[in-house]
1. With a cut-off of 8 Å between alpha carbons and a minimum separation of six or more residues, what is the relative contact order of segment 6-47 in percent?
2. Report the rotationally averaged projected area of segment 1-60 based on its alpha-carbon convex hull, in square nanometres.
Amino acid sequence: MRVVGAYLLAVLGGNASPSADDVTKVLASVGIEADTERVSKLVSELDGKSVEEIIAAGSQKLASVPAGGVASSAPAAAAAAPAAAAAAPKKEEKEP
C-alpha cells in the first residue's frame, strides 16, 4: 500500500506517469526504504494508464460485489419479532 500511495502522491504532485525513481523518492522523503521489486512491478503495470481510469474501473468492480447487509438483517428482524411479542403485556379478562 505504501508503494501505491507514493505513486498516487506523485500523480497528485503533477507527474502524470511517475517512474520507479519518482516513487522511490516519495517514499524516501518520509523515511521509508522502497522495495525496488514492488516499485518496478507497480510502475510497469500502470505504465501508459490513467490513474482516473484505473480508479473508475475499480469502482465499477466494487459496485458488483454483494455487501451482505440485506441478507443479514432479515434473520435479525425475524428473531426480534418473537421477543417483541413476548414483551407485550397480555390483557387478562375478568369473568363477571
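1. It comes to 35 percent, rounded to a whole number.
2. Projected over every direction and averaged, the Cα hull of segment 1-60 covers 3.9 nm².
Computed from the coordinates by the stated procedures, all read-outs in this text should not be read as laboratory data. Keep in mind that what you see is a predicted model, and the values were worked out from it rather than measured.
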